[in-house]
Amino acid sequence: MRPEVDALSLAVIRGRLEQIADEMDTVFERMAFSPVISDAWDRADGIYSAVDGSMIVQGVRGLPIFVGTMQYTVASVLAAIKDPKPGDMYLVNDPFAGGTHIMDTKMVRPFYYGGKLFAMLANTGHWTDLGGRVPGGFAAEASDCYQEGLRIPPVRLFTDEALNSDILAILQTNSRLPDDVLGDVQAQATALRAGDSRLTELLDEYGADLVSAVIDTLRERSSIQMRSYIKDIPDGTYQFTEDMDNDGIVDKALSIAVELTVSGEEMTVDFSKSSPPCEGPMNSVYAATVSSAIVAIKHVFPDVPINSGIFEPLTFVIPETVFLNAKVPRPVAGCAAETSQRIITAVMGALAGALPDRVPAGSSATSNNLSIGGVDEEGDPFVMYIFLGGGYGGHKAGDGLSNGCSLMSIGLIQSVETLEQRYPILVRQYSLRENSFGEGEFRGGLGVHFEFEYTGDRGRASLLGDQSKTAPIGRAGGGPGAASAPWFRLRGEKVILPMISKGENIPLTRGDLICMLTPGGGGYGNPSARSDKALRADVESGYVRAASSAL
């Protein structure tokens, strides 16, 4: 019989569970070798059901896109493993086993208490390189998943806390950065050990029965709260379509068409009218598509606690006939950082038809994934990977945020000091992008101007981005923000890539420049209603330059 859960125990144990996940995040980022984890926070940790992998809690600073994907990852591990033991840890990065793209590497640890399997601890970190046709894995012209890097099914990496050196050797041999691989493996394992220790302390203090009852109650309450929000939406079907630039191979738009059907306390999210699977790497896997839709809904209903209860009122229709439910061997490198964000804006666009006062104008929805590989002055290989923020849309209560993080993220570019210390680059400009916001009573936020010089002898750059042909939209009469506009200066000549936002293995020599101009947010409301005070502030802050060029 489930014990009674009083309000004090519910609050305290909930806080302790969240703190455990947050501490795992902190341990992971402080130990990780990859700057994209340690400095840019491209990681997440959480606690999951040992029965079906469903989410119990995830750290509040974890990457939002992993909110849904990690429970699918844990479920795939539970289905694959045989005879788990305390101290075992499993590694998996297979996008088609509940993942995202290959670089997002998951580790899962069974948690035992009193000799019984109680829960699963898991984390995800973006490893900088796991092989593939381009350094960093963002192969804009990959035509199958085998070109994107080493794909790992659920494998037992640690047995009774002992690292399997054979598997580690395979991982390191297939990476351009073998030392970083070892460092990130140890960081992820240590974070899970920290979670194991803290969860044991919690159960010692409150007992497994009461903690289990609190977990069940939290799931039920999240479901009830989500249902109450859905019930407030008028019944009906709400549609919206987002167009992505292209897939990196065929210069043709990819449509994310979503239909939200609300009936009472339940909502169906239907993507069946979207574009078919594509040739290039902008396909998404099922887990990432679901997770992206959840992130969009959470943007509108942010106070619903994150656990598996938020999924219960929702039904997803994502047939294999669309590029949002890709199967082997489709390439998926752009899944987590690009397609996911346009799924978010598509779902938010549909929600705007139902809740116009709660949804902001369009936001920057591209990470502009840029990776550079080469050999440094000491003759060692390096791989630099960065992603950039942009402007958020204006909203009913005010202007959009400038240089906001990716919609599916919490991180931004690594610090300039870290980049210049580790890689052969010299940053020439890192500023807000003038005139990039959409006009409105409440303007959009500004994008970013990030420009740097390559100082190495030779290198190769790859770019996997989007939103260079479709700018963030305005709402309620507001204007669009500026589109993404990356360019290169190679051997003295300015170059815009044929696909604009995508290209791979671009040869670099000393003195070449790379400039990333990220989108600004759309405006909200009639621009003529903007106050004179706000207009003066925009000019005084340098956000506006008369008769300026976006470039």
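The values are calculated or read from the model by the stated rules, or taken from the named source; none is laboratory data. What you see is a predicted model; the values in this text were computed from it and never measured. Neighbour counts run over all protein chains shown; Cβ positions are idealised from the backbone, glycine included.
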Return yes when Arg422 is of a type in the set (Lys, Arg) and surrounded by 22 or more Cβ atoms within 10 Å (Cβ to Cβ) and no when it is not.
-> no
Of Arg489, Arg536, the only residue that is on the phi < 0 side of the Ramachandran plot and either β-branched (Val, Ile, Thr) or not in a strand (DSSP E or B) (or both) is Arg536
Note on region 475-504: residues within 19 Å of Asp247 (Cβ to Cβ), surrounded by fewer than 23 Cβ atoms within 10 Å (Cβ to Cβ) and either more than 24 Å from the chain's Cα centre (by Cα) or free of Cβ contacts under 8 Å to residues at least 60 places away in the same chain (or both) are Ile496, Leu497, Pro498
Note to self: Arg16 - would you say it is basic (Lys, Arg), in a helix (DSSP H, G or I) and over 30 Å from Leu464 (Cα atoms)?
What the structure shows: yes
Condition set among the aromatic types (Phe, Trp, Tyr) and surrounded by fewer than 23 Cβ atoms within 10 Å (Cβ to Cβ), scope region 261-310, selection nearest to Ala350 (Cα to Cα): answer is Phe301
Going through (1) among the acidic types (Asp, Glu); (2) closer than 30 Å to Tyr146 by Cβ; (3) surrounded by fewer than 18 Cβ atoms within 10 Å (Cβ to Cβ) one by one, Asp184 fails only at (3)
(1) in contact (Cβ under 8 Å) with a residue 60 or more places away in the chain; (2) within 25 Å of Gly136 (Cβ to Cβ) all hold for Gly353 apart from (2)
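Table: residues versus (1) of a type in the set (Val, Ile, Thr); (2) modelled with pLDDT of 95 or more; (3) out of contact with any Asp or Glu (no Cβ under 6 Å at 6 or more places or on another chain).
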site	(1), (2), (3)
Ala337	no, no, yes
Ser340	no, yes, yes
Ser364	no, yes, yes
Asn368	no, no, yes
Ile372	yes, yes, yes
Asp376	no, no, yes
Gly394	no, yes, yes
Gln414	no, no, no
Arg422	no, no, yes
Please indicate, with yes or no, whether at least one residue in region 39-46 is modelled with pLDDT under 95, surrounded by 24 or more Cβ atoms within 10 Å (Cβ to Cβ) and part of a helix (DSSP H, G or I).
no
*Evaluate the following for Thr261: is it free of Cβ contacts under 8 Å to residues at least 40 places away in the same chain and either assigned to a loop (DSSP other than H, G, I, E, B) or not small (Gly, Ala, Ser) (or both)?*
yes
Checked region 163-206 for anything outside any helix (DSSP H, G or I) and either in contact (Cβ under 8 Å) with a residue 60 or more places away in the chain or within 26 Å of the chain's Cα centre (by Cα) (or both); matches are Asn174, Ser175, Arg176, Leu177
Only one of (1) touching a helix residue (DSSP H, G or I) at 6+ places or on another chain (Cβ under 6 Å); (2) assigned to a strand (DSSP E or B) does not apply to Phe118, and that is (1)
Among the residues of region 248-284, the number that are among the basic types (Lys, Arg) and within 19 Å of Leu463 (Cβ to Cβ) is 1
